Amino acid sequence: MASSRFLALLAVFIGIYFVSRFELHKSPAVRETAAAFSAAVYNPIRQALTEQGPDVVVKQDDSQEAFTSVTPSPRSTRAPYTRHIVAVGDLHGDMQNAQTVLQFSGVVDSFGNWTGEADFFVQTGDIIDRGDDTIKLYTWMEKLRVQAAKVGGVVLTHLGNHEVMNAIGDWRYVYPTEIETFGSVAARQKMLTTGRIGRAWAQNYTATSRLPLHPHLGPPNTPFPPENHPVHFQKDEDEDVDEDSRYYDTNEPLSHSALSFVHGGLSPTYSNLAPFPTKINALSSSFLHKLQNRRQPPPHPPNAYPGLPQGTTREEIELYDANGPFWYRGWATDSEEKACVDVEKVLARTGTRRMIMGHTPNFQGIVSRCNGKIIIIDTGISHAYGGALSALSIHYTFTPIDNKEGEPRWIEREVVSALYVDRQETIVDQEREVVGDFRFDTV
């Protein structure tokens, strides 16, 4: 009975096929009538054929859609997503080497203009000192910021310990020839407070950043944990760690698909890690405001060290001390065993999967520790050091895949590479499968 039904349906289908093949070309009216008839009959036939069982397969010629009664994996309309990030460390007054690095990493062209090859360009601080190109470099950063924004790119810049030192009046690493590019000490003080550079620091430079790899997590520097979000703590049995260092949300598989950028480092014992990076950046902003708006002291040297402004809070003092994000070097100097234990706590609390920083130079190249969870990108780019010209490149892809259950499944992949003038070295190449519906709003 089922076989007879199938043969009858197949005969009807073949008849429709030949009508459409040889008659539809006659006139628009005939085409419309035949098409309507075909739709009315073809769809029930397709449904009936689908119900026959897994051994029934009907193929048509190349001009028609092939179909089968075997239920296929749902065809995904979810588009793959990509994000490309380039980061560089300390530049220390060297425009020429900075241009070389940004050019071979694809951020700028031979004229120093934004190429659009990167979605984000990140600089981790210490643009100033040890060289004469302070004005040129900060002017260039603001030019790139505007150019990037016009085509949907983003430039993220950070204050390093040398920016803060200069704001304090600690000019120990300022070359006399660099002061001459400003015209005078007073002119330099004005430029770093109410002038172009000072305004750029206040408006566009943060102490740290949290950069999501996927826009589902929001724009850069979206606070973590999310505001007004219930906090869940994950703690293994007999695990001797503070509960607030083990934050994860099992309902948000991308919660830690983000990177942190900072100049010195995020110490595991620093008291203001969370909410990240909101708390640190608020302290940095208030501290910088006090430095820029006090009567500027005569710089040291040759004068005495000016100290911190009146009214500096205890939290602001902690921000600038050796354990704070401007100066911390533990990720470079601690043993591998200690660093790899401590980094897990910081990553958990900051909603990130790896920390990227400058400050502690390695003149041979970029340093990766603990399977790329700690990456130090200060390689002495400035001619003052004569180190390696380098940049860090992160390629992130989020690709849809399907399965028989029709779950929204994805492959998340992150490839982190160290770029040099003459070579490229892969630091991390990791992927994992993720299930869920995710927002793709551009940021």
Distance cut-off 22 Å, Cα to Cα: go down the list Lys136/Lys190; Lys136/Lys373; Lys143/Lys373; Lys150/Lys290; Lys190/Lys290 and report the pairs above it.
Lys136/Lys373; Lys143/Lys373; Lys150/Lys290
Using a Förster distance of 22 angstrom, determine the FRET efficiency expected from the C-beta separation of Glu405 and Asn251, and round it to 0.05.
0.70
Extending each Cα 7 Å along its Cβ direction at Ser184 and Val415, get the distance between those two points in nm, one decimal.
5.6
Ranked highest first by the average count of other Cβ atoms within 10 Å around their residues, in what order do 189-197, 290-298 fall?
189-197, 290-298
Testing the spin-label approximation: label points 7 Å from Cα along Cα→Cβ at Thr177 and Glu344. State their distance in nm.
5.0
Hey, can you rank 173-185, 362-374, 124-136 by average C-beta count inside 10 Å, highest first?
124-136, 362-374, 173-185
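Each reported figure results from applying straightforward, stated rules to the coordinates on display, with no laboratory input. Nothing here was measured: the structure is a model prediction, and the numbers come from that model. For neighbour counting, all protein chains shown are included, and Cβ atoms are generated from backbone atoms with ideal geometry for every residue, glycine included.
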